[in-house]
Amino acid sequence: MTDAVRIVEVGPRDGLQNEKTLVPAAAKIELIDRLSATGLRSVEATSFVSPRWVPQLADAAEVYVGIAKRPGVRYPVLVPNEQGYERARAVGVDEIAVFTAASEAFNLRNINASIEASLQRFAPVIARAQADGVAVRGYVSTVLGCPYQGDVPLADVVRVAKALHAMGCYEISLGDTIGIGTPSKAAAMLRAVAEEVPMAALAVHFHDTYGQALANLLACLDAGVRVVDAAVSGTGGCPYAKGASGNVATEDVAYMLQGMGFDTGIDLDALSDTGRWLSRLLGRETGSKVTRARGDASGSVAA
């Protein structure tokens with residue numbers, strides 16, 4: 001392992017998809033351009049799902065085309081099926097993500113399919129992506145608990161992550177969708193998956209519902225993970241998980257990592273400025289404690 005940690009910024013997709021107010025495409029494009037100017041090397045741009053299910057991201061094609069693509073920055077998009085893949089490829093997408101859950105109950109509520117059916121649905125998408133030279137990232141949600149079935153057996157998490165990796169996903173993001181995990185459980189889950197999938201191919205994705213996200217991240221860093229998902233200003237949540245708050249804030253993650261001596265390549269001032277800009281756009285206080293502590297651009301602390 002190196003002393004570098006890669007942060008995958010998921011705010012433009014996972015953060016904005018649950019907003020009640022529709023964010024204009026121009027604002028989404030500006031957000032992504034701002035984020036890619038901070039030193040982030042992976043910014044998840046949008047999702048090519050049916051606008052009927054996620055109306056907030058109905059402008060996926062317009063947003064992706066409008067981004068000022070920076071050399072060295074990856075702009076993955078989420079796709080649920082072959083139709084989504086075709087829409088994404090039509091606008092030049094060169095990295096996609098697919099998603100499923102470790103919980104049968106959550107999968108049935110979220111995408112109306114069993115785990116096995118969701119994997120079968122992804123098989124042709126991943127095969128086409130490999131043939132087209134398109135990188136594929138995999139998400140496994142509810143790895144530390146499910147709002148419908150409660151505990152999720154570790155064996156199920158391992159089985160799903162292993163299946164996605166075997167199908168061709170270069171990286172598997174392990175998500176605590178409802179944010180109920182604690183450090184020892186998070187590290188144990190990661191180590192269990194790492195027995196079947198190389199640690200270098202794993203990432204962690206924590207929501208901060210119970211205020212445990214940074215502690216969970218630290219435990220997983222100690223266990224060896226070096227890829228972390230986060231959302232600027234702590235945006236996000238889960239429409240299918242009651243009480244699930246936003247993702248851990250990218251600003252807070254970057255501050256912790258830099259304070260520990262990890263190389264993130266991120267300009268924290270620029271990132272905090274972007275978080276403030278986004279919180280003003282959304283009409284609420286930032287979810288980042290670091291940004292609140294650092295105050296606004298004039299040096300005064302925001303109310």
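The values are calculated or read from the model by the stated rules, or taken from the named source; none is laboratory data. Quantities reported herein were computed from a predicted structural model and do not represent experimental measurements. Counting neighbours? That spans all protein chains shown, and the Cβs are built from the backbone with ideal geometry, glycine included. For the accessible areas, the whole protein counts, side chains as well, though only heavy atoms, and no ligand, DNA or RNA atoms are used. Shrake-Rupley method; radii C 1.70, N 1.55, O 1.52, S 1.80 Å.
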How far apart, in nanometres, would the label points at Asp151 and Ala166 be if each is projected 7 angstrom from Cα along the Cα-to-Cβ direction?
2.6
Here FRET efficiency (C-beta to C-beta, Glu86 to Ala293, R₀ 45 Å, nearest 0.05) is 0.50
Enter the accessible area of Thr177 (Å², nearest 10), with the probe set to 1.4 Å and all protein chains included.
20
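Please identify the DSSP H helices in the chain that span no less than 18 Å along the helix axis (Cα) and have a mean Kyte-Doolittle hydropathy of -0.5 or more.
Values: long enough: 115-132 (25 Å, 0.19); 154-167 (20 Å, 1.01); 268-282 (21 Å, 0.08).
Long hydrophobic helices here: 115-132, 154-167, 268-282.
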Residue-normalised accessible area of the chain, expressed per residue, 1.4 Å probe, Å²:
40
Sorted by accessible area with a 1.4 angstrom probe, largest first, how do Tyr85, Tyr210 fall?
Tyr210, Tyr85
Of every hundred units of 1.4 Å-probe accessible area on the chain, the number belonging to carbon and sulfur atoms, as a percent, is 52
Surface accessible to a 1.4 Å probe, Glu62 within the full protein complex, Å²:
120
Under 29 Å between alpha carbons: how many lysine pairs meet that in the chain, if sequence neighbours fewer than 8 apart on the same chain are excluded?
12
Of all the stretches in the chain, which is the longest one without any exposed loop site, taking trypsin sites (Lys or Arg not before Pro) in a DSSP loop (any state but H, G, I, E, B) with at most 10 other Cβ atoms within 10 Å?
53-241
Mind giving me the nanometre distance, one decimal, between the label points for Ala188 and Ala117, set 7 Å out from Cα along Cα→Cβ?
3.2
